[in-house]
Amino acid sequence: MKTTKLRRTCVAALASLLSTAAAHDSPVCAQQTATGSQLSLLDAVELALDHHPSVQAVGATVDAAAAGLGAAKAAWYPQLGLNASAVRHQEPMVAYPIHAFTPDAVPPFDQTLYGGAAHLGFTLFEGGARTARIRAADAQLSAAAAEQDQTEMAVIARVTAAYLQVQTASGVLTASDRRMAALEAERERVGRLLTEGAAARVESLRVEAALATAEVDRVRAESALNVARLELSRIIGIAGSAVQPELLLTVSLRETAVPQDRSTLLEQATESSPALRRADESLRAAEATHRAAAGAWYPKLDLYAALLGFGYTDDFTTEWQMGARLSYPLFTGGARSSSVARAGAAAEVARATARLVEMMTQDELDRALTRVRETAARVDATTRAVEHLVEVVRIEQLALAEGVGTQTEYLKAEAELFTARSSLVESSHAQIASRVELARVIGELSIGWLNSAVETNP
C-alpha cells in the first residue's frame, strides 16, 4: 500500500494547489476544472493515506514493534560494559586487593582511590525465555503490520464512501433542480392560461404547492452536500472549500457482475483478511509470552568475564576474572506463579478474541455480500423505473397540453420521476461502496484494486 516517492510528491502538490486555490475567492472551480486539476478518487485516497492520523498512528505502532523485536534479539549478544570510579576516603584505604598473606605483600594505602572495570557477560541458558520473547516480539510486529493493512483498508473504504456521498448529494441536488425547472415551466403555462381565463385558480395553487415541496427537497439536498463535502475534506486533510462537486470525477464500476459464491469468498477472507491475521498473530504473541513467563521456573546460567583496575595517585594495577553463575530463586512470594498465570490468562483472551474475530468476519462477509446483491438489483430496478417514468412524464405533459390530461397526474409523475432519479443516484453509488466494503472484508482492498475495479471520468 506504500506509494512511490513521485506519487506522494504529486499528491502533496495537488493538496497544496487545492488548499491554496480554495483560499482565494476567485472562480477556483472553473479554473481548476479547466486546467485539469481535479480531485480523483485515487488522489483522495492517497491524500488520506498520507495525512490521516489513524494511518500515522499505526505506522508508529509498526516502528515501535520493530524496535521491540530488535531489543528482544539483542539478548542473544554478549553484554559489554565499562565503569570507572574515583573515591576520596576520610582515612587511607587499601589501594588494590592483595592475594596472599606474606611479609612482602603489604599493599599501599591512600585516601584517593581510582577504579575501573570492563565487564563481558552472556546468558547461556534461561529456560527458553529468551527465544520465547523473540517469538513474541516477532508476532507483535506481524500483528502491527496486519493492523496497518487493516487501518489503511478502512481509510480507503471511508474515503470512497465519503467521495461517493458527495457525488450522491450532488446528483440528488441536480435531480431536484431538474424537477424545479419542470415545475417552473408548468407554473408559466398555468399563468398564461389563467390570464386567458382558460384555467382554474386551483391549478395555480397546486403547482405552487409542488414548487414549495421541491424547494424543501432542494434545501435538504444542498445541506446534505455541504455536510458530505466537509466530511471528505476532513478525511483527506484539505480545505473544505476545495472539495467542490465539479472538481470530483464521476465514479463507476468497471464491471457489475456479482462476485463469487460465499464459500470461495470466505476462504479468501480466511487467507487474506488483515483482521484475522492480526488476531492470529496476537494469539501467537500471547502464547509466546506465556512460554517466556514459564521460563522463570528454570535455573539461569550466566557466563562472565571482567578486566578490573585498581590504583591511586602513584600507581595503578589491573587483573582479570571469569566464571559462570547459576542462579535459581527458591521463593518469590508467589510472584513467579502469578506472572505465569497472568500470561496464561492473556493467551486465553487472545484465543477467544481470535475466535470472535473469525465470527465477526463471517458476519461482515454475509452482510457485505448481501449488500452487493441488493444494490445490484436496486440499480437494475431503478434504471428501468427512471426510463419508464421519463416516458410517463412526457406523455402526461403532452396530454396536459392537449387538454386531455390532468395537472394532478402530471405533478404526480414529476414527483415520482424525481424520487426515482434520486434513488438511482444513491443506488449506483451504494453499489460501488458495497463492492469496496466486500473487498475490505476479504482483504483485497488496496489502491491497486480500486484502480482496477473502479473507473473515473470527468
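The values are calculated or read from the model by the stated rules, or taken from the named source; none is laboratory data. Please read these numbers as outputs of a predicted model, since none were measured by experiment. Here Cβ is always computed from backbone atoms with ideal geometry, including for glycine, and neighbour counts include all displayed protein chains. Areas reflect the complete protein model, heavy atoms only, side chains present, ligands, DNA and RNA absent. Shrake-Rupley method; radii C 1.70, N 1.55, O 1.52, S 1.80 Å.
Farthest towards the positive end of the charge dipole of the chain, among the residues LEU411, THR174, HIS99, is the Cα of HIS99, using unit charges on the Cβ of Lys, Arg, Asp and Glu. Can you give me the P(r) profile for region 121-200? Cα pairs, bins 10 angstrom wide beginning at 0, each as a whole percent. Whole-percent P(r) values from 0 Å outward: 14, 16, 13, 12, 11, 9, 8, 6, 5, 3, 2. For ALA143, neighbours were defined as the other residues whose beta-carbon sits under 12 Å from its Cβ, and their charges (Lys and Arg +1, Asp and Glu -1) total -2. All other residues whose Cβ lies under 15 angstrom from that of LEU398 are scored, Lys and Arg at +1 and Asp and Glu at -1, for a net of -4. On a per residue basis, the convex hull of the C-alpha atoms belonging to region 189-230 measures out at 50 Å³.
The distance separating the Cα centre of region 394-426 from that of region 144-183 comes to 29 Å. Taking the charge dipole of the chain about its Cα centre, with +1 at Lys and Arg Cβ atoms and -1 at Asp and Glu Cβ atoms, the residue from MET359, ILE442, PHE331 reaching farthest to the positive side is PHE331. Taking every protein chain into account, the accessible area of region 46-192 amounts to 51 square angstrom per residue (probe 1.4 Å). Dipole of the chain computed with +1 at Lys/Arg Cβ and -1 at Asp/Glu Cβ about the Cα centre; of GLY68, LEU141, HIS89, farthest Cα towards the positive end is HIS89. Roughly speaking, what % of Cα-Cα pairs in region 213-293 are separated by over 19 Å, rounded to a whole number? In whole percent, the share of Cα-Cα pairs in region 213-293 beyond 19 Å is 70.
With the convex hull constructed from alpha-carbon coordinates only, the chain shows a mean projected area of 38.0 nm² over all directions. Seen from a random direction on average, the alpha-carbon convex hull of region 367-421 projects onto 3.9 square nanometres.
For the pair LEU82 and THR102, label points projected 7 Å from Cα toward Cβ lie 3.4 nm apart. In this structure region 275-377 gives 61 Å² per residue of accessible area when probed at 1.4 Å with all protein chains present. Label separation (ASP177 vs ARG351): 6.3 nm, computed from points 7 Å beyond Cα along the C-beta direction. With a cut-off of 13 Å between beta carbons, the residues surrounding LEU424 carry a summed charge of 0, where Lys and Arg count +1 and Asp and Glu -1. The magnitude of the dipole of region 111-158, with charges of +1 and -1 set on the Cβ of Lys/Arg and Asp/Glu and taken from the Cα centre, is near 160 debye. Note on the chain: with neighbouring protein chains present and a 1.4 Å probe, carbon and sulfur make up 58 percent of its accessible heavy-atom surface. With helices as the sole contributors, the chain gives -24000 deg cm²/dmol at 222 nm; each DSSP H run of n ≥ 4 counts as -39500 (n - 2.57), and the sum is divided by every residue. A cut-off of 5 Å between modelled amide H atoms, ignoring neighbours fewer than 5 places along the same chain, links GLN38 with no other residue.
For the chain, a crude dipole built from +1 on the beta carbon of Lys and Arg and -1 on the beta carbon of Asp and Glu, taken about the Cα centre, is about 640 debye to the nearest 20. Only Lys, Arg, Asp and Glu carry charge here, each on its Cβ (+1 for the first two, -1 for the last two); on that basis region 368-415 has a dipole of about 340 debye about its Cα centre. Projection of the Cα convex hull of region 371-458, averaged over all directions and equal to a quarter of that hull's surface, yields 7.2 nm².
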